[in-house]
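Structure first, then comments.
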Amino acid sequence: MKISRFLSLPVVLAIVLAACSGPGQQTLSTPSVTGDVRTQSSADPGEMLFAAGTSEVDGFALPLSNDSKPVVRLTDVNEPIPVAVGPQDLFVGSFSDGDIFRFKLPLTASSTGERLPVRLAPKQFATAFQTPLSGAASGPSPVIAIGTPSGLAVDQGYLYVAGAAANGRFQVQAFARPVTGGETPAAVIKGYSSIDFLGLAAEGDTLFVASTTQGTIRAFTLPLTSGAVPRYTLHIPPQQNAAIGVATRHHILYVTNYSTGEVLAYTLPHPAKPVRLDLKPANNGSNPAPYAVTASDKYLYVSGNAIYQYRLPVSAGEKPSAIIQNVTFGLAAFPKFAQ
């Protein structure tokens, strides 16, 4: 994985460190970046929005404006769909290759990504655990197989990974942080089909697992235990050709409804009838196909055919305060404030 730092210069230069062409290898390159860009002070990074596209993760300074440009870019990741932030880390998962990377925050031009010793095998489901970058050539034996990582979430002590197991059925695994080679999951949640896409979000003592094909958002009590029964389950119509995005902030659960072009906002801990934020008016009446969702301290961010920024708290008739044209599959906001 490469990290590009964009500087506001007449000719934009990018310093790129670390590549995922192989463990321990590094390359330097200069990506072609055009247009005005905003700078970010590493001493005072402020709030950041990380937006995962088809082959890169862009970092934007917050709040957004209609002409916002990325200040940081992570490149050379195949389908970096799931992204999540912890108090000091950014986690990026490759939906195609099955790698999960961890970056210390804030990102700087000298930042390098650590490929976690948890490696997911999305195609063959052959091995889940590989040698760490700094480890010996002969790594630990595989202990469980999981692939196609579709969701990541972080709390104070664990990294949660959603993906397909060796039998092809989707599940959620919890790993104690920091993740070490050969580590077995502390807990596993099953009960999902092989045709699914799971989104994850964690707040307080609850992990939310959203199932695309079931149309369910299950709330599991933390710490997670294998085979746990959800404390409650929310239901929306099952989605077609897209994931249900899910996020929490300030005791509100946000759920994207791809089919209707809405974001549902449930008040926790006792969710009832949600506020339904309709994105279609901001897209000339057409469904923008909302995919991922996240929130900063003051704003809600929704990705679809663009990234939409809404002031919090949202209402049914809320209009976006900014829209940037960036097709995005995963969103995460930093810093992760205490819930």
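The values are calculated or read from the model by the stated rules, or taken from the named source; none is laboratory data. Given the structure is predicted, the values throughout are model-derived calculations rather than measurements. Cβ sites come from the backbone with ideal geometry, for glycine too, and all protein chains shown count toward neighbours. Just the protein is used for accessible areas: all its heavy atoms, side chains included, with ligands, DNA and RNA removed. Shrake-Rupley method; radii C 1.70, N 1.55, O 1.52, S 1.80 Å.
Descriptive notes on the structure:
- Matching strands (runs of 3 or more DSSP E) fully within the stretch 282-332 where at least 1 residues are closer than 16 Å to residue 252 by Cα and open to solvent by less than 60 Å² (accessible area, probe 1.4 Å): 292-295, 299-303, 307-311
- If you filter the stretch 167-186 down to residues that are within 17 Å of residue 86 (Cα to Cα) and out of contact with any Phe, Trp or Tyr (no Cβ under 8 Å at 6 or more places or on another chain), you find that the one that is most open to solvent (accessible area, probe 1.4 Å) is 178.
- Checked against the criterion of being touching a residue at least 40 places away in the same chain (Cβ under 8 Å) and open to solvent by 20 Å² or more (accessible area, probe 1.4 Å), the stretch 232-246 has no qualifying residue.
- Across the stretch 187-212, the qualifying residues are those that are more than 17 Å from the chain's Cα centre (by Cα) and closer than 16 Å to residue 231 by Cβ, and the one among them that is most open to solvent (accessible area, probe 1.4 Å) is 205.
- Any hit, the stretch 243-252, residues being among the polar types (S, T, N, Q) and in contact with a Phe, Trp or Tyr (Cβ under 6 Å, 6 or more places away or on another chain): no
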